[in-house]
Amino acid sequence: MSLLIVGSLAFDNIETPFGNSDDTLGGSATYVAISASYFSDDIKLVGVVGSDFGDDNIRLLQSKGIDTEGIQVIEGGKTFRWTGRYHYDMNTRDTLDTQLNVFAEFDPVIPHRYQQCKYVCLGNIDPILQRKVLEQISRPKLTICDTMNFWIEGKPDELKKTLELVDVLVINDSEARQLSGDPNLVKSARIIRGMGPKILIIKKGEHGALLFTENGIFAAPAYPLESIFDPTGAGDTFAGGFIGYIAKHDDISENTLRKAVLYGSTMASFCVEKFGPDRIQEISDLEIQDRFQSFLNLSRIED
């Protein structure tokens, strides 16, 4: 089924203990779309870039079957840029520089033929813009939303208005505690689900992810990797695998949601193996299925 993705497209300068990567293709929408493309063959992308984004990057997205008509190119403008440095444990990072450039004036206009999409993934953008997107969509079957501490701190009231309209929220553990005001993740989940989203996913980095629904809690493990080069975009890659799998099967049953979480975790585990989206551009369907099976085996106990 059709999947609409709205978010940022960017260039990142990344520094980790294992090296540097400059002018790396990034942005939430980029990671979500590439990840989802392994599952869904009807992906429509909306974002904004400057003339420096280049045709090569557009062609890269198109090579994954992603419809790029919704990408606004501002002639003479510069694409959003982010510079960050990760610490040795990879769980913390310092933002060294942020240049919003054309993204500062992003006004998501959804092309008419995108407005019937049944699945909608709202990347980490201003909650006011997230609502503006939803206002342009005609009766989606499922909407998934991402956010971060910047919006939780800076626009809490606007964020809560948006949460009333979405079905799924994806955030990390520190953001869940901040949004709910409670240090306990189980209590946090109950409070956040009371704000609107009936399905909540709390990402815990190297410790996996938790899925909260009306049917209970599902815990997905993290894949044990010996080498992690760059965690940039891993959360967005998770979201792409999650919503891509659901859109492919056009089903939101409990069993499908749990499988989708594992496929999201599978895609995120590939993402961290190289800088930027380099690794998730090149994986094969066989690699995805093999690693998904590895996730299943992590918690399997034979009688």
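We did not get these values from a lab; they are worked out from the coordinates using the rules stated. Everything numeric here is computed off the predicted structure, so don't read it as measured data. Don't worry about glycine lacking a Cβ; one is built from the backbone with ideal geometry, like all the others, and counts go over all protein chains shown.
Annotations
- Dividing the alpha-carbon radius of gyration of the range 152-303 by the rule-of-thumb value 2.2 N^0.38 Å gives 1.06.
- Averaging 1/r over every pair of different alpha carbons in the range 3-296 and inverting the result gives a Kirkwood radius of 18.9 Å.
- Taking 0.36 nm per residue of separation and subtracting the current Cα-Cα distance, fully stretching the chain between Glu75 and Lys155 would add 25.8 nm.
- Legend: Rg and Dmax of the range 100-201, from Cα coordinates, 13.8, 43 Å.
- GNM flexibility winner over the chain from Phe39, Phe80, Phe150 (Cα, springs under 10 Å): Phe150
- Axial C-alpha extent at least 15 Å, average Kyte-Doolittle at least -1.0 - helices from the chain (DSSP): 234-249, 254-271, 285-298
- Local electrostatic count, Asp250, Cβ distance below 13 Å [Lys/Arg +1, Asp/Glu -1]: 0
- Out-of-range pairs (alpha-carbon distance over 25 Å; input Lys161/Lys198; Lys64/Lys204; Lys155/Lys259; Lys161/Lys274): Lys64/Lys204; Lys155/Lys259; Lys161/Lys274
- Full-stretch length increase - Asp97, Arg85 - with 0.36 nm per residue and alpha-carbon distance subtracted: 3.3 nm
- Inter-label distance for Asp290 and Ala104, nm, one decimal - labels placed 7 Å from Cα along Cα-to-Cβ: 4.7 nm
- Result for the chain in a Gaussian network model with C-alpha springs under 10 Å: among Glu254, Glu105, Glu135, the largest mean-square fluctuation is at Glu105.
- Kirkwood hydrodynamic radius of the range 25-116, Cα pairs, Å: 14.6 Å
- Of interest is the spacing of the C-alpha centroids, which for the range 44-101 and the range 170-213 amounts to 27 Å.
- Counting DSSP beta bridges with both ends in the chain, the antiparallel % (nearest 5): 40 percent
- In straight-distance terms, cross-link reach from Lys141 covers every one of the aspartates and glutamates whose alpha-carbon lies under 16 Å from its own, apart from those fewer than eight places away in the same chain; here that gives Asp42, Glu164, Asp167, Asp250, Asp251, Glu254.
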